[in-house]
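Reading through the C-alpha cells given below for one structure.
Please treat every number below as a calculation from the coordinates, not as lab data. Model, not experiment: these values are computed from the prediction. Virtual Cβ from ideal backbone geometry, glycine too; neighbours counted across all protein chains shown.
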Amino acid sequence: MSIPIPDAKGTCLITGASSGIGEEIARQIAERGYNVTLAARRLDRLTSLAEEIQSEFGVTAEAVECDITDPAARKKMLDGIAKSGKNIDILVNNAGCGTEGKFVENKAEHELRQINLNVLALVALTHEVLPEMVKRGSGALLNVASTAAFQPMPRQAVYAATKAFVLSFSNGIGKELAGTGVSVTALCPGPTKTEFFGEQQMEHLEKSTPGIFWQSAADCARDGVEGLFKRKRVVIPKMSNRLSAISGSYTPTPITREVLDRFWPVGKK
C-alpha cells in the first residue's frame with residue numbers, strides 16, 4: 001500500500017521542526033500537499049514557520065510547543081491533534097541532541113539527555129502513534145538516525161550509540177510491520193549544515209571535517225522525504241557518506257575505533 005494521500009483529516013507530525021533538517025522536511029512534506037504539525041520547544045520559531053508554510057503551500061500547519069521527553073507534554077500534544085479531528089498519517093522523529101568529549105569528563109545530565117531524547121522519547125512517541133496507523137492500514141514513519149550509527153565513536157560514544165539504536169529499532173519494527181500498510185524509513189545523514197553543531201558547541205567540527213562529507217539541510221531532507229515516499233528502509237544521503245557507512249559496517253571494530261580515535265576531529269581542538 002502506498003503512503004496515505006494528502007487529506008484534510010490527516011497530518012504529518014514532525015518533531016524538532018523549528019530548524020535544520022526538521023524544518024526542511026516540514027517544508028517538503030507540505031509542498032506535497034500534506035498538512036503538518038510542527039513540534040519543538042521554541043514556539044516563536046514554530047509559529048513563524050507554520051505561517052510561512054500555510055502561506056506558501058496552502059496546507060494547514062499547526063505549531064505545538066512540546067518537550068517530547070515529557071510524557072505529559074506528549075499526551076497533551078497528541079490529545080490536541082485528536083481533538084482537531086486529524087489522524088497522524090506520517091510521523092517524523094527528527095528531534096535529537098548530541099555531545100562531544102570524553103564520556104568520563106562530560107556531565108552526566110548531558111549524556112542522559114541524549115538517551116532520553118534520541119531513544120526513549122522516540123520509542124515512546126512511536127508506540128503512542130503507531131497502533132492507530134496499523135489499525136487504519138496505512139501510514140509511514142521517518143526516523144532520523146545518523147551515519148554515526150554504523151560505528152562506535154570515541155568522544156561521541158553516547159550519541160553514536162543512540163543513533164545505532166534508532167537504526168536498529170527502525171529496521172526491526174520495519175520488518176514487523178510488513179503487510180500492515182505502514183512503512184518505516186531510517187534517514188542516516190552525515191555532517192549537515194544546521195544549527196545542531198552550534199547548539200552543541202561543536203562549531204569547530206565544520207572547519208575540521210572535509211567538505212566532501214557535508215551537505216545542506218534541504219538536500220538531506222529531500223533525500224529523506226523521497227526515501228519515505230518510496231518506502232525505503234534506510235536512506236544515507238550523499239555518496240561519500242554512503243561509502244563511509246559501508247566502511248564502518250564492514251571494517252573490524254578494533255580498526256574502526258583506532259582510525260576514528262586518530263582522525264575524527266571531535267573533541268580534538
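Kirkwood radius and radius of gyration were both taken over the C-alpha atoms of segment 57-117, and their ratio Rg/Rh is 1.12. Peptides 34-43, 182-191 ordered by packing proxy, namely the average of other Cβ atoms within 10 Å per residue, highest first: 182-191, 34-43. Taken as Cα centroids, segment 88-156 and segment 1-38 sit 18 Å apart, rounded to the nearest whole angstrom. Computed packing ranks the peptides 133-139, 220-226 as 220-226, 133-139, most packed first, by mean other Cβ atoms within 10 Å.
Can you compute the charge dipole magnitude of segment 1-67 about its Cα centre, using +1 on each Lys and Arg Cβ and -1 on each Asp and Glu Cβ, nothing else charged? Give it in debye, rounded to the nearest 20. List each step's numbers first, then the result.
Details: 6 positive and 11 negative charges, 32 e Å.
Dipole of segment 1-67, to the nearest 20 debye: 160 debye.
Label-to-label distance for ALA108 and LYS75 is 2.8 nm, based on points extended 7 Å past Cα in the beta-carbon direction. In this Cβ point-charge picture (+1 for Lys and Arg, -1 for Asp and Glu), segment 10-263 has a dipole of about 760 debye about its Cα centre. When each of PHE150, PHE229 is scored by the number of other beta-carbon atoms lying within 10 Å, the sequence from fewest to most is PHE229, PHE150. Simple point charges give the picture: +1 on the Cβ of Lys and Arg, -1 on the Cβ of Asp and Glu, and for segment 1-155 a dipole about the Cα centre of about 360 debye.
Show log10 I(q)/I(0) for segment 10-263 at q = 0.12 Å⁻¹, two decimals, from a solvent-free Debye sum over equal Cα scatterers. These q points yield log10 I(q)/I(0) values of -0.67.
Which one of PHE229, CYS12, GLN54 has its Cα pushed farthest toward the positive end of the charge dipole of segment 10-263, where Lys and Arg give +1 and Asp and Glu give -1 at the Cβ? Value: PHE229.
Straight-line cross-link reach from LYS193 at under 23 Å between alpha-carbon atoms covers these lysines, not counting any fewer than eight positions away in the same chain: LYS163, LYS207, LYS238, LYS268, LYS269.
Placing unit charges on the Cβ atoms of the charged side chains and taking the dipole of segment 10-263 about its Cα centre, the candidate lying farthest along the positive direction among ILE25, SER168, GLY190 is SER168. A protection proxy built from the mean count of other Cβ atoms within 10 Å ranks the segments 102-110, 8-16, 140-148, most packed first, as 140-148, 8-16, 102-110. Listed by chain and number, the lysines whose C-alpha is less than 22 Å from the C-alpha of LYS9, apart from same-chain residues fewer than 8 away, are LYS75, LYS76, LYS83, LYS86, LYS135. Cβ-Cβ distance of ARG32 and LYS193, R₀ of 22 Å, FRET efficiency by 1/(1 + (r/R0)^6): the value works out to about 0.40. Assuming R0 = 41 Å, can you tell me the calculated FRET efficiency for the pair GLU132 and LEU243, based on Cβ-Cβ distance, to the nearest 0.05? Using R0 = 41 Å, I get an efficiency of 0.60.
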